Amino acid sequence: MAGNEASIPLADAHKQSKKISAPRIIILGFAVLIVVGMILLALPVSSVSGNSIGWIDALFISTSAVCVTGLSVVDVPSTFTTFGELVILVLVQIGGLGFMVFGVLFAIVIGKKIGLRERLLIQQSINSNSTQGVVRLAINIFLIALIIESMAAFVLALRWSGEYGTARAIYYGIFHAISAFNNAGFSLWSDSLMQYVGDPTVNIVITLLFIFGGLGFTVILDILKKRNWKDLSLHSKIVLTTNAVLITAGTFLILCMELLNPETFGPLAWQERLWASYFQGVVTRTAGFNSIDLTAMLPTSQLLMIILMFIGGSSGSTAGGIKTNTFAVLIMTVYAIIRGREDVEIYKRRLATDFILRALAVIIISLGVVLVCAIILTITERHTDHDFMDILFEATSAFGTVGMTLGLTGKLTFAGKLVIIATMFIGRLGPLTMAYAMTRSSKKQYYRYPEEKLMIG
């Protein structure tokens with residue numbers, strides 16, 4: 001490890017950094033992984049029927065798995081064999097943690113030295129602020145995922161052993177632990193987790209998995225290292241605070257709204273209603289499972305879920321969306337403007353202007369992607385019986401890599417599938433990564449234009 005972390009001459013670093021474009025290599029890496037997954041899922045051995053499911057459906061599911069979304073145009077448990085399910089599981093694990101993390105592990109195993117080129121790719125892949133210590137961070141990411149997933153799989157296997165037997169319970173436990181931690185939402189039951197709507201063990205384990213997965217590995221490491229709120233980084237404090245607020249608000253609002261809905265909460269006991277409210281309030285943070293029928297929920301609840309899906313998880317995590325820290329920066333910026341302050345301050349720290357502009361760019365581009373996707377779907381899916389709420393829900397779910405649907409996914413046309421595939425891909429990689437990959441950086445300007453004012457609001 002010490003040799004890998006050795007410093008690199010600045011001249012060599014500058015020379016090497018000009019040879020690569022990290023965003024483009026990451027996009028290519030994910031694309032290759034998706035194509036490999038598509039080929040494997042299209043094989044007859046992956047299908048229960050013994051026939052290929054078709055390349056477009058295989059491409060859709062492979063993209064959904066690599067982008068840890070969970071949307072599927074076919075019923076996974078009744079369509080795929082154990083081999084096909086394992087292919088999906090491997091794609092979810094690699095896509096969730098990032099293929100560069102596994103590249104680091106492979107390089108260490110074969111004794112290959114990790115140079116600046118690889119460090120730049122790792123930095124971009126895991127959203128690190130610098131190349132220093134990225135190798136150690138990549139190893140820690142893998143270890144954290146392995147430990148959390150193993151513990152959760154063990155508990156779930158114990159819970160399901162009485163119903164399915166030891167071997168099947170272990171398999172179910174591993175599959176759902178990996179799917180939940182990576183915020184994928186793939187399930188081995190056709191109704192997702194609706195049969196466990198009031199089960200405390202399943203609700204607690206599954207939600208903790210995608211909460212931890214959605215916090216981000218840097219936040220988890222920060223908590224393990226410092227163990228004191230005052231010593232935590234500003235990023236960790238913002239992520240933890242925003243997550244707590246969104247989870248509490250989501251749970252409370254869904255409980256209040258769905259209590260008026262006899263089709264969802266009507267048949268449930270009070271304990272089941274509380275668990276369902278908590279589960280659906282948390283799962284919108286890009287996990288993709290559901291414990292009640294989403295199509296029967298009130299439009300107000302569905303709109304709330306769209307908002308929560310758009311926000312998503314946190315930077316450097318397995319979750320999608322614009323990220324909680326981006327949302328927090330937006331809220332604090334609006335608050336500072338309303339209060340007439342020049343600086344945006346959070347926890348006695350002033351945010352740099354470039355971070356605020358970056359957050360606004362992420363939000364605007366993300367809104368654009370979701371709206372363009374929704375508009376195109378209104379054209380391609382105009383023959384279906386789904387309204388604009390269903391389409392907007394689908395578009396937001398795909399961009400936020402959530403995986404929940406109001407029934408539109410299974411009815412998508414060929415063109416609609418391509419639109420959702422592209423949206424999932426953009427949502428997983430991030431709008432800025434895609435923008436950087438498609439543009440060339442301009443030379444730095446050493447002059448500034450005269451300032452001018454215009455009317456706002």
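Here are a few things to note about the model shown:
- Estimated inter-spin distance, residue 303 and residue 36, nm [label 7 Å along Cα→Cβ]: 4.5
- Segment residue 164..residue 335, full-extension length gain: 56.3 nm, with 0.36 nm per residue of separation and the alpha-carbon distance subtracted.
- Note on residue 447: accessible area approximately 130 square angstrom, rounded to 10, probe 1.4 Å, nucleic acids and ligands left out.
- Between residue 225 and residue 349, the contour length at 0.36 nm per residue exceeds the Cα-Cα span by 42.5 nm.
- In this calculation the C-beta distance from residue 413 to residue 451 is compared with R0 = 56 Å, giving a FRET efficiency of 0.65.
- Over 21 Å (Cα to Cα) - which of 237/348; 230/348; 226/323; 237/323 fall in this group: 226/323
- Alpha-carbon radius of gyration plus Dmax, which is the widest Cα pair, for the stretch 328-388 in Å: 17.7, 54
- Here, the stretch 133-234 has an Rg and a Dmax of 15.4, 47 Å when only alpha carbons are counted.
- Computed accessible area, residue 147, all protein chains, 1.4 angstrom probe, square angstrom: 100
- Neighbourhood charge, 13 Å Cβ-Cβ cut-off, centred on residue 330 and excluding it, Lys, Arg +1 and Asp, Glu -1: +2
- Per-residue SASA entry for residue 323, accessible area with 1.4 Å probe, Å² rounded to 10: 40
- Cut-off 13 Å between beta-carbons: net charge of the residues surrounding residue 312, Lys and Arg +1, Asp and Glu -1: +3
- Approximate spin-label separation residue 358-residue 269, in nm, with each point projected 7 Å along Cα-to-Cβ: 5.0
- Computed from the Cβ-Cβ distance with R0 of 45 Å, the FRET efficiency linking residue 24 to residue 78 stands at 0.70.
- Taking all protein chains together and a 1.4 Å probe, the residues 342, 394, 272, 163 rank 342, 163, 272, 394 from largest to smallest accessible area.
- In the stretch 163-229, the trypsin sites (Lys or Arg not before Pro) that fall in loop regions by DSSP, at most 14 other Cβ within 10 Å: 227
- Charge sum, other residues only, whose C-beta stays under 13 Å from residue 424's C-beta, Lys/Arg counted +1 and Asp/Glu -1: +1
- The distance between label points at residue 422 and residue 194 comes to 3.3 nm (points 7 Å beyond Cα on the Cα→Cβ vector).
The values are calculated or read from the model by the stated rules, or taken from the named source; none is laboratory data. Since the model is a prediction, treat every value here as computed from it, not as a measurement. Don't worry about glycine lacking a Cβ; one is built from the backbone with ideal geometry, like all the others, and counts go over all protein chains shown. The protein model used for the area step is the full one, side chains on, heavy atoms only, and it has no ligands, DNA or RNA in it. Shrake-Rupley method; radii C 1.70, N 1.55, O 1.52, S 1.80 Å.
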